[in-house]
Amino acid sequence: MRLPEDVEQVLLDQGKIAAIKQLRESQGLSLKEAKQWVESHLSQYQPPVNPPLVASNIPWGRIMLALLIVGVAVAIVATG
């Protein structure tokens, strides 16, 4: 059985214990019943897969090194 939306949101935002508390308050369940319901949901839950924000094959270390070298070169030229 699916968790109520408010309890599911609490689970995502605040974790398992907070979700159990919310479920007990909203549904009038015992601690054991609420815990079983939340754990059952967790065992079936598949979090959404978000695509990576940045491609993993970009050589960020090399880019940062190049920017550092350019910055030093500009500073040397500006002071010299």
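For this structure, a couple of remarks:
- The one condition from (1) at pLDDT 90 or above; (2) open to solvent by less than 70 Å² (accessible area, probe 1.4 Å); (3) over 19 Å from the mean Cα position of the chain (by Cα) that GLY61 does not meet is (1).
- Candidates GLU39, GLU25, GLU8 - the one that is at negative phi, open to solvent by 90 Å² or more (accessible area, probe 1.4 Å), modelled with pLDDT of 90 or more and not hydrophobic (A, V, I, L, M, F, W, C): GLU25
- Of all residues in the stretch 42-58, those that are more than 16 Å from ALA18 (Cβ to Cβ) and either aliphatic (A, V, I, L, M) or modelled with pLDDT of 80 or more (or both) total 7.
The values are calculated or read from the model by the stated rules, or taken from the named source; none is laboratory data. Bear in mind the structure is a predicted one, so any value in this text is a computation, not a measurement. As a convention, Cβ positions derive from the backbone with ideal geometry for all residues, glycine included, and neighbour counts pool all protein chains shown. Just the protein is used for accessible areas: all its heavy atoms, side chains included, with ligands, DNA and RNA removed. Shrake-Rupley method; radii C 1.70, N 1.55, O 1.52, S 1.80 Å.
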